[in-house]
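To start, the structure under review is shown below, and the notes come after it.
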Amino acid sequence: MRLADGKAFRYMQEHFFPEMRYSSILLTAKYAEPEATLPPDTVYVENRDTLYVERRDTLFLEQPPKPSPLYLAVKTNLLYDALAVPNIGVDIYLGKRWSLAANWMYAWWKSDRRHRYWRTYGGDIEGRYWLGRKAKEKPLQGHHIGLYAQLVTYDFEWGGRGYLGDKWSYGGGISYGYSHPIARRLNLDFTFGIGYLGGEYKEYLPIDNCYVWQVTKQRHWFGPTKAEISLVWLIGRDNTNRKGGKR
């Protein structure tokens with residue numbers, strides 16, 4: 001069949017085109033913040049259909065965390081040393097102005113010929129809170145207050161009446177002290193405590209090379225129970241005293 005004068009087109013338009021007709025409109029808009037307002041660690045990534053933001057990974061730029069510095073003190077109470085009672089103590093800084101101190105003493109001297117006994121062993125543990133400007137500048141210096149608990153045994157006799165506390169005596173109290181720098185790694189710590197000391201003890205007399213028991217008593221003492229003038233050795237890389245206000 002011959003289709004001329006546009007008949008072919010009109011024929012297809014009438015019979016074919018209605019079923020094939022299709023149209024669409026696609027609008028694409030892109031927007032980005034001005035470069036001056038972009039954070040330095042932010043990038044904008046585009047593709048054909050989406051605009052999104054992601055954070056740049058900056059872990060490789062961060063320094064690894066530094067380990068917490070060690071602030072430790074080893075000390076000896078010079079008052080006990082003067083009384084021939086060897087002793088040692090430690091004080092470790094816990095953080096946020098708190099430290100934990102522990103002390104131990106041991107003496108076992110005797111002279112049977114002169115009826116002299118000087119025996120004691122025991123110790124205490126104390127939680128301390130450090131106060132003031134110096135404690136803020138560096139741990140384990142300046143003023144401190146604390147709570148302590150004690151355990152001790154003893155046998156004291158000096159040529160006359162003796163006092164034997166062969167079972168543990170116990171006590172506790174509150175303390176106040178001040179630790180003063182005297183050298184790059186040395187402090188002098190003055191501490192005084194008031195509290196309670198209780199326990200059983202025996203009184204005896206030295207008679208004819210024997211120790212004759214007299215009476216057993218219970219001790220209930222309220223008053224000074226702690227006294228220290230301690231030489232303190234500071235341990236730790238950063239645990240040194242400042243000189244002239246600067247390291």
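The values are calculated or read from the model by the stated rules, or taken from the named source; none is laboratory data. Everything numeric in this text was worked out from a predicted model, so none of it was measured. Virtual Cβ from ideal backbone geometry, glycine too; neighbours counted across all protein chains shown.
Checking each residue in segment 188-247 for being of a type in the set (Ser, Thr, Tyr) and closer than 21 Å to Gly123 by Cα picks out Thr191, Tyr196, Tyr201, Thr225, Ser230.
Taken together, Gly223, Gly199, Gly193, Gly159 contain a single residue that is within 25 Å of Ala82 (Cα to Cα), touching a residue at least 24 places away in the same chain (Cβ under 8 Å) and surrounded by 17 or more Cβ atoms within 10 Å (Cβ to Cβ), which is Gly193. The residue that is modelled with the highest pLDDT, counting only those in segment 94-113 that are closer than 15 Å to Asp155 by Cα and out of contact with any strand residue (DSSP E or B) (no Cβ under 7 Å at 6 or more places or on another chain), is Ser111. The residue that is farthest from Gly165 (Cα to Cα), among those in segment 193-216 that are β-branched (Val, Ile, Thr) and over 49 Å from the mean Cα position of the chain (by Cα), is Ile207. Scanning segment 71-115 for residues that are surrounded by 15 or more Cβ atoms within 10 Å (Cβ to Cβ) and of a type in the set (Gly, Ala, Ser) yields a count of 5. The residues of segment 109-127 that are assigned to a strand (DSSP E or B) and among the charged types (D, E, K, R), listed by number, are Lys110, Arg116, Arg119, Asp124, Glu126. Among residues of segment 231-243 that are more than 20 Å from Tyr80 (Cβ to Cβ), those with a beta-carbon under 9 Å from a residue that is among the β-branched types (Val, Ile, Thr) at least six positions away or on a different chain give the pairs Leu234/Val74; Leu234/Thr240; Ile235/Val74; Asn241/Ile182.
Residue-by-condition table, conditions (1) of a type in the set (Val, Ile, Thr); (2) surrounded by 13 or more Cβ atoms within 10 Å (Cβ to Cβ):
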| residue | (1), (2) |
| --- | --- |
| Ser175 | no, yes |
| Leu205 | no, yes |
| Ile229 | yes, yes |
| Asp238 | no, no |
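Would you check if there is a residue in segment 25-41 being surrounded by 12 or more Cβ atoms within 10 Å (Cβ to Cβ), modelled with pLDDT of 80 or more and part of a loop (DSSP other than H, G, I, E, B)? The answer is no; no qualifying residue exists.
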